[in-house]
Amino acid sequence: MTAVPIRILLTGFEPFGKAPYNPSGDVAKALQGRSLSVATSLGTRNATVMCRILPVEWVTAALQVQEHLASLQPHIAISTGMGKDAFEVEQVADDERLTLIDNLGNLPSSPRAVASVKYATALPWPAIERAVVAAGGPIKASRDAGGFICEQVFLALMQVYRRQGTSRRLLRAGFIHVPNDEFVPSVVSRAVVEAAILGRYSSARWRSDEPTVMLLRRRVL
């Protein structure tokens, strides 16, 4: 019997505010359709990355990530958002909602300054952090996804993960912030991006002659 290929859902965001680009969206576009070899307890399996871009909107972003999970049925789901000066594998999702305006000019319908629920990530964050460091990338530990749209998407993702029954299909899920050019005015290599997003699951590596990924709001891939 042929093994079912592993499906990896990767989401990023559209540009926020007046910024022309969003590095998380650049990451998603760069890895769209990427084929991997994933080591599992049953041996090596083929995997494909399916990428989607989410709106920076309080209500719609969370709904869309849940719709993508339902329609694509991924085995691994990783959402990304724009961070500051390093990759941050978010360790905890919560329902904090700060009074911040989204791309539609809306505030959250029910702001919450103190979280009432918290869910641990289902990504192997220590291993991912080690992979980023080994690839020469910047990394910071984080237990706070920010209380904005990133947090909303992370929470929605973990709620779907936790609601699964005994026949669990979604095996890994979590959120990673990627650096942006306001804090890191240089090119982040594609090898580092793979280490951060896919390094824990991929036995393959980029060739040295492949192009870099520009995690820069002012530059196009």
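All of the numbers you see were taken from the coordinates with simple rules; none came from a lab. Keep in mind the model is a prediction, meaning the values are calculated, not measured. All Cβ positions, glycine included, derive from the backbone under ideal geometry; neighbour counts span all protein chains shown.
Quick look at the values:
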| read-out | value |
| --- | --- |
| Residue within the stretch 28-42 that is part of a loop (DSSP other than H, G, I, E, B), hydroxyl-bearing (Ser, Thr, Tyr) and surrounded by fewer than 22 Cβ atoms within 10 Å (Cβ to Cβ) present | yes |
| Strands (runs of 3 or more DSSP E) fully within the stretch 64-152 counting 2 or more residues that are surrounded by fewer than 23 Cβ atoms within 10 Å (Cβ to Cβ) and either among the small types (Gly, Ala, Ser) or out of contact with any Ser or Thr (no Cβ under 8 Å at 6 or more places or on another chain) (or both) | 118-120 |
| Residue within the stretch 129-137 that is closer than 22 Å to Ala61 by Cβ and touching a Phe, Trp or Tyr at 6+ places or on another chain (Cβ under 8 Å) present | no |
| Scope the stretch 21-72; condition at positive phi and either among the hydrophobic types (A, V, I, L, M, F, W, C) or in contact with a strand residue (DSSP E or B) (Cβ under 7 Å, 6 or more places away or on another chain) (or both); matching residues | Gly33 |
| Residue pairs meeting the criteria (Cβ under 6 Å; at least 6 apart or on separate chains; first under 17 Å from Arg143 (Cα atoms), in the stretch 109-132; second outside any helix (DSSP H, G or I) and polar (S, T, N, Q)) | Thr121/Gln91; Trp125/Gln91 |
